[in-house]
Amino acid sequence: MGAASAILFVFIGCCSNVVFLELLVKDEPACGNIITFFQFLFIAVEGFISVTNFGKNKNVIPIKEYLILVFMFFTVNVTNNMAFGFKISMPLHIIFRSGGLIASLIMGVLVLGRKYTTTKYASVLMITLGTIICTLASAENLDEHEDPEGGVSSFTTWLMGIGILTFALFMSARMGIFQELLFTKYGKHPKEALFYIHLMSLPGFILTGGSIVDHASRFAKSEPLLFFIDIPILSVLPRLWVFLAGNVATQYLCVSSVFRLTSECSSLTVTLVLTLRKFASLVFSIIYFQNPFTFYHWVGTFLVFAGTLLFTGVIGPGASAEQKKPSEEHDKEE
């Protein structure tokens, strides 16, 4: 029952989080900083209560060991959300991040000197090809006219977004390796790590303070939701603040459910669940928000997800010969 409920809440939390995120970026494409800030703040406050018991419990992993991890984690989250301000659609964002195994394999070879089977390399080739197909198909949907605000073409802006996503992909892979080595040295303390990396990342938002304040003002000026029109207090709440609250709450449900899942199931099962979750989010985003999705997008999507399942041993030869560690699964979801 524990595993079943964890899987259920992974789908509920992570899929609904994507919905709230898309609602936000549809109105304010460059609002990634304020979203990331409130996600971090919520998890830090919750962790201060549940993990440290209001500061009474001591940390197991030394604070100095968290500093590099904090830098990587903060950079990955900020850059991933920043990409929406560069004409990156939600489906492309999901597909691109699903190619994280590519970066993990390359980093594993370069940093740890790991060797992989022919099946692993074939699966990564599928994922790479699928990502390229989806990326090129998305480029065809761009308007070549200049952006009236900055005089930069839509294609150039989009290309910058692709560069940002690529950087975040490899930084996330490097962060996964660092976290794996950290847990090997001090033991696995995922909840503690989750709390400290969010708490220690908060000062970094001073660098994006102007953007956060600006979008807070924009959010406050948004129209209320018609759904709450007959409820006295809720009827005056700006809809973007409501969407942000929903995004923060579902993000926490998503992350905490993934942690539960890694303790209840094998890493292979976790990988399969997260892959199916991303596919469900992708399909919902396409249908509900009517995002452009061509035949080539479907071909690319099939290659990405089939390659992911092949890499993890869910399909193909040599099933589960090289299972990934639970900490790596969490890194991908983050």
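Of the residues making up the stretch 9-18, at least one is assigned to a helix (DSSP H, G or I) and touching a Phe, Trp or Tyr at 6+ places or on another chain (Cβ under 7 Å). Selection of the stretch 216-232 for residues being among the hydrophobic types (A, V, I, L, M, F, W, C) and in a helix (DSSP H, G or I) yields A216, F219, A220, L226, F227, F228. Every condition in (1) out of contact with any Pro (no Cβ under 9 Å at 6 or more places or on another chain); (2) open to solvent by less than 40 Å² (accessible area, probe 1.4 Å); (3) modelled with pLDDT of 75 or more; (4) among the β-branched types (V, I, T) is met by V299 except one, and the failing one is (2).
No other residue among L181, L165, L159 is surrounded by 19 or more Cβ atoms within 10 Å (Cβ to Cβ), of a type outside the set (G, A, S) and not in a loop (DSSP other than H, G, I, E, B) apart from L165. Regarding the stretch 226-238, can at least one residue be identified that is among the aliphatic types (A, V, I, L, M), open to solvent by 80 Å² or more (accessible area, probe 1.4 Å) and touching a strand residue (DSSP E or B) at 6+ places or on another chain (Cβ under 8 Å)? Within the stretch 226-238, one or more residues are among the aliphatic types (A, V, I, L, M), open to solvent by 80 Å² or more (accessible area, probe 1.4 Å) and touching a strand residue (DSSP E or B) at 6+ places or on another chain (Cβ under 8 Å). Looking only at residues of the stretch 239-248 that are open to solvent by less than 20 Å² (accessible area, probe 1.4 Å) and among the aliphatic types (A, V, I, L, M), we find that the one that is farthest from F38 (Cα to Cα) is L240.
For K58, work out the one condition from (1) surrounded by 22 or more Cβ atoms within 10 Å (Cβ to Cβ); (2) without any contact (Cβ under 8 Å) to a residue 40 or more places away in the chain it doesn't fulfil. Every listed condition holds for K58 apart from (1). From the list T36, T52, the lone residue that is among the β-branched types (V, I, T), within 23 Å of the chain's Cα centre (by Cα) and open to solvent by less than 30 Å² (accessible area, probe 1.4 Å) is T36.
All of (1) under 22 Å from S16 (Cα atoms); (2) touching a helix residue (DSSP H, G or I) at 6+ places or on another chain (Cβ under 6 Å) hold for Y196 with one exception: (1).
What number goes with the only condition from (1) in contact (Cβ under 8 Å) with a residue 24 or more places away in the chain; (2) in a helix (DSSP H, G or I) that S235 does not pass? Unmet condition: (1). Hey, any hits in the stretch 187-200 for a residue that's surrounded by fewer than 16 Cβ atoms within 10 Å (Cβ to Cβ) and either modelled with pLDDT of 85 or more or closer than 30 Å to Y66 by Cβ (or both)? The answer is yes, given that some residue of the stretch 187-200 is surrounded by fewer than 16 Cβ atoms within 10 Å (Cβ to Cβ) and either modelled with pLDDT of 85 or more or closer than 30 Å to Y66 by Cβ (or both).
Rundown of residues vs (1) at pLDDT 85 or above; (2) hydrophobic (A, V, I, L, M, F, W, C); (3) outside any helix (DSSP H, G or I); (4) under 30 Å from Y186 (Cβ atoms), yes/no style:
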site	(1), (2), (3), (4)
V248	yes, yes, no, yes
R277	no, no, no, yes
F305	no, yes, no, no
S320	no, no, yes, yes
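Considering only the stretch 61-98, state which residues are assigned to a loop (DSSP other than H, G, I, E, B) and surrounded by fewer than 17 Cβ atoms within 10 Å (Cβ to Cβ). Of everything in the stretch 61-98, just one residue is assigned to a loop (DSSP other than H, G, I, E, B) and surrounded by fewer than 17 Cβ atoms within 10 Å (Cβ to Cβ), namely P62. Taking the criterion of being open to solvent by 30 Å² or more (accessible area, probe 1.4 Å), of a type outside the set (V, I, T) and either more than 21 Å from F48 (Cβ to Cβ) or not in a helix (DSSP H, G or I) (or both), the residues of the stretch 201-215 that qualify are L207, G210, S211, D214. Residues in the stretch 227-241 that are touching a Ser or Thr at 6+ places or on another chain (Cβ under 9 Å) and not aromatic (F, W, Y): I229, P238, R239, L240.
The condition (being part of a helix (DSSP H, G or I) and within 30 Å of I212 (Cβ to Cβ)) is satisfied by just one residue among G108, G55, G47: G47.
The values are calculated or read from the model by the stated rules, or taken from the named source; none is laboratory data. Please read all numbers here as calculations on a predicted model, not as lab measurements. Note that each Cβ is placed from the backbone with ideal geometry, even for glycine, and that neighbours are counted across all protein chains shown. Protein only, heavy atoms only, side chains kept; ligands, DNA and RNA dropped before computing areas. Shrake-Rupley method; radii C 1.70, N 1.55, O 1.52, S 1.80 Å.
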